[in-house]
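Trainee: One structure, as structure tokens, below. Some questions next.
Values in this text are rule-based calculations from the coordinates and carry no lab data. All values reported here derive from a predicted model rather than from experimental measurement. Note that we place each Cβ from the backbone using ideal geometry, even for glycine, and neighbour counts take in every protein chain shown.
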Amino acid sequence: MTSAPDPGPGRPESGPAFPSWWIYRGTGTPSPYAPPLGERLPPPPPWRRFPGVPDGSDPPVDEAEMERVLGPGHGAGARRLTDAETAVADAVNAALLLRRPLLVTGRPGVGKSSLAYRVSRELGLGRVLRWSVTSRTTLADGLYSYDPLARIHDISADTAALGPGTAEREVRRPIGDYLRLGPLGTALLPAELPRVLVIDEFDKGDADLADDLLDVLENGRFRIPELARLRSSQPEVAVPTDDPGRTATVRGGEVVCREFPFIAITSNSERPFPAAFRRRCLPVELPPPTQEQLAEIVAAHFAGNEAAADRELIRAFVERSAGKGGLSIDQLLNSVHLVSSDVRARATSWDPNAWQHVLDVIWQRLTETGPD
């Protein structure tokens, strides 16, 4: 592939070159030489420009959550990306440039949702928002919630506390205290840089959820009727967001984005999606990680481990994972943790076959597909 270095101010970056059009390099770690993302991210296509007005605040950072998902270590670093990793990075960069959601497929456990965390860490986009979908999930769950009963109860309690003769209309309870933006609603708040959102296991949702999401994905905005009815008397309302302790100002009863968020919609391909939905997303399929990639993941989570012992465990994991069904990265990390905790040595000292029994328990296949 044609590549060009990722130059920084006054000096080129050491290591492998990357395509000159890439913003995300696929390493999962920030480049010390790259300019800030705001200087590298080109304007969106005219049909993906949105008029929201940012409030100037930066997204919060949750390094503890980032380390929980990715580990405190580094990603691919200076090595050259594989063809499969290059294809994934191509899709991520196309989604960033076109301001389109990424539909991420692949067998369970290959790291679909962690891709969004890698993008956020490398590009410095802050806390990753996460919307986990179930069979009962509706579009409203992702956008916002409102608790009118709690508001009525609080107003009634205040009225009673103030004594006889106090009318309920004289008691003020800000409506924003009873609203809360969901992960999708928070991701669509106007900002100078895109927020990162994972819509996890989207294929578990109701068949209508994909159709319901179309308008929001296309227009980058949504209306909150409870606030829209008050826009003449309360044109601006402070509303809690999905970011802990953070509120946002909603103007005119509508949330309108500025930079469309980077949205990774994960799917285990349990059912097909409507053509209209697929047309608004860019597809990418994650292959099972290679032995080298698994070694990097283990090293990121378990710095200081004995590399030779980890490699032997990874080799056995890859052999067990081959064929239908496969195993997940979490299952490998579970086994490495037990080795690091000296469980294998103690189990083997008691019974030579005990460690293999433990692996049989934690390395069970994710799907029952019959013999390979």
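Trainee: Based on DSSP loop calls and a cut-off of at most 12 other Cβ atoms within 10 Å, the longest stretch of the chain free of exposed GluC sites (Glu not before Pro) is what?
Mentor: 1-269
Trainee: Please give, to one decimal in nm, the separation of the simple spin-label points placed at A316 and I152, each 7 Å out from Cα toward the Cβ.
Mentor: Calculated label separation equals 6.2 nm.
Trainee: Which whole-number percent gives the relative contact order of the chain, counting Cα pairs below 8 Å spaced six or more residues apart?
Mentor: Relative contact order, the chain: 22 percent.
Trainee: Here is a follow-up. With a Förster radius of 22 Å, plug the Cβ-Cβ distance of D211 and T134 into 1/(1 + (r/R0)^6) and report the FRET value to the nearest 0.05.
Mentor: Plugging the Cβ-Cβ distance into 1/(1 + (r/R0)^6) gives 0.80.
Trainee: Turning to a different aspect of this structure: What order do you get for C281, C257 when you list them from fewest to most C-beta neighbours inside 10 Å?
Mentor: C281, C257
Trainee: Using the crude model of +1 on Lys and Arg Cβ and -1 on Asp and Glu Cβ, and no other charge, please compute the dipole size for the chain relative to its Cα centre, in debye to 20.
Mentor: For this selection, approximately 780 debye.
Trainee: Short version: what are the Cα gyration tensor semi-axes of region 224-341, square root of 5 times each eigenvalue, largest first, in whole Å?
Mentor: The three semi-axes for region 224-341 are 46, 22, 11 Å.
Trainee: Quickly estimate the mean residue ellipticity at 222 nm for the chain, helices only: each DSSP H run with n ≥ 4 gives -39500 (n - 2.57), and the total goes over all residues, rounded to 500.
Mentor: -11000 deg cm²/dmol
Trainee: Return the sequence-ordered ³J(HN,Hα) values of region 58-66 in whole Hz as given by the Karplus equation 6.51 cos²θ - 1.76 cosθ + 1.60 applied to θ = phi - 60°, using x for Gly and Pro.
Mentor: 8, x, x, 10, 10, 5, 5, 5, 4
Trainee: With the dipole of the chain worked out from charges on the C-beta (+1 for Lys and Arg, -1 for Asp and Glu) around the Cα centre, which of T290, S233, V119 lies farthest toward the positive end?
Mentor: S233
Trainee: Now a separate question. So for the chain, what percent of the C-alpha to C-alpha distances run longer than 31 Å?
Mentor: Considering the chain, 45 percent of its Cα-Cα pairs are separated by more than 31 Å.
Trainee: Counting only DSSP beta bridges with both residues in the chain, what percent are antiparallel, rounded to the nearest 5?
Mentor: 45 percent
Trainee: Please report, in whole Å³, the volume per residue of the convex hull around the C-alpha atoms of region 226-277.
Mentor: In region 226-277, the Cα convex hull volume per residue is 163 Å³.
Trainee: Right, here's the next one. With all distinct Cα pairs included, what does the Kirkwood hydrodynamic radius of region 38-154 come out to in Å, to one decimal, could you say?
Mentor: After inverting the pairwise mean of 1/r, the radius is 17.7 Å.
Trainee: Can I ask one more? If one puts a single equal scatterer on every Cα of region 291-362 and applies the Debye formula without solvent, what log₁₀ I(q)/I(0) results at q = 0.17, 0.20 Å⁻¹?
Mentor: Scattering profile of region 291-362, log10 relative to I(0): -0.61, -0.84.
Trainee: Another one. Give the relative contact order (percent, whole number) for region 242-349; include only Cα pairs under 8 Å separated by 6+ residues.
Mentor: 18 percent
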